[in-house]
Amino acid sequence: MIRVLFVCLGNICRSPMAEGLFRQMSQRRGLDSRVEVDSCGVGDYHVGEPPDPRAMREAHHREADISELRGRVIRSDDFERFDYILCMDEDNLQALRRMAPESRRAHVGLLMDFAHEDTSAEIGDPYFGNTDNFGHVADQIEAGCQGLLDHIEYQDAPD
């Protein structure tokens, strides 16, 4: 089982969209029995809250239901539990690196490092933007998730 944790600032926009889209994409590829996915935030601003309605709408538009997800903050045991802890931007990556124990098990990095297309390394926070920003963010998330799933399949392929 490969465990993936997506991280953004408050866990109500980007990381829940990544969780839902990754889950949906892994199911379509028949990998859902081999991957476990979750999301969280580096800040505790929205613990227990559902995703932003704009994020839910965009995920639903892409056939992923994230309405049951609730915000949570990263915990120290996440660094041992997950194989990949993937952030949406450099600020959150730096925050995670400060929190991570040296003995961590997880690969900590940016989701967009896995994208095949020549795209931005960061996925900007759409929270203060308009609805169109959520569509652009979802496109980026899908590109990163596609590359991550390719990587997982390649890593797990027989020699």
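The values are calculated or read from the model by the stated rules, or taken from the named source; none is laboratory data. Quick caveat, the model's predicted, so the values are computed rather than measured. Ideal geometry is used to build each Cβ from the backbone, glycine not excepted, and the neighbour counts take in all protein chains shown. Areas reflect the complete protein model, heavy atoms only, side chains present, ligands, DNA and RNA absent. Shrake-Rupley method; radii C 1.70, N 1.55, O 1.52, S 1.80 Å.
Within the option set 78, 32, 91, 65, being touching a strand residue (DSSP E or B) at 6+ places or on another chain (Cβ under 8 Å) and either touching a residue at least 40 places away in the same chain (Cβ under 8 Å) or among the charged types (D, E, K, R) (or both) holds for one residue only, 78. Within segment 31-53, the residues that satisfy the criterion of being open to solvent by 50 Å² or more (accessible area, probe 1.4 Å) and either in a helix (DSSP H, G or I) or polar (S, T, N, Q) (or both) are 33, 53.
Which of the residues belonging to segment 13-30 are over 15 Å from residue 71 (Cβ atoms) and either surrounded by fewer than 16 Cβ atoms within 10 Å (Cβ to Cβ) or among the charged types (D, E, K, R) (or both)? Steps first, answer last, please.
Taking segment 13-30 as the starting set, the residues that turn out to be over 15 Å from residue 71 (Cβ atoms) are 21-30.
Residues satisfying the conditions are 23, 27, 28, 29, 30.
All of 32, 91 fail the test of being at pLDDT below 95 and acidic (Asp, Glu), apart from 32. Only helices (runs of 4 or more DSSP H) whose full extent lies in segment 63-159 are considered here, and the ones with at least 2 residues that are within 13 Å of the chain's Cα centre (by Cα) are 90-99, 131-156. Of 34, 75, all but one fail to be among the basic types (Lys, Arg) and within 20 Å of residue 148 (Cβ to Cβ); the exception is 34.
Can you say whether residue 97 is touching a strand residue (DSSP E or B) at 6+ places or on another chain (Cβ under 7 Å), under 14 Å from residue 8 (Cα atoms), open to solvent by 80 Å² or more (accessible area, probe 1.4 Å) and among the charged types (D, E, K, R), as far as the supplied structure shows?
The answer is yes for residue 97.
Being touching a strand residue (DSSP E or B) at 6+ places or on another chain (Cβ under 8 Å), open to solvent by 10 Å² or more (accessible area, probe 1.4 Å), part of a strand (DSSP E or B) and in contact (Cβ under 8 Å) with a residue 12 or more places away in the chain: is that true of residue 4 here? Judged against the criteria, residue 4 is not a match.
The set of residues in segment 65-88 being closer than 23 Å to residue 2 by Cβ and buried (at least 21 other Cβ atoms within 10 Å of the Cβ) consists of 66, 69, 74, 78, 82, 85, 86, 87, 88.
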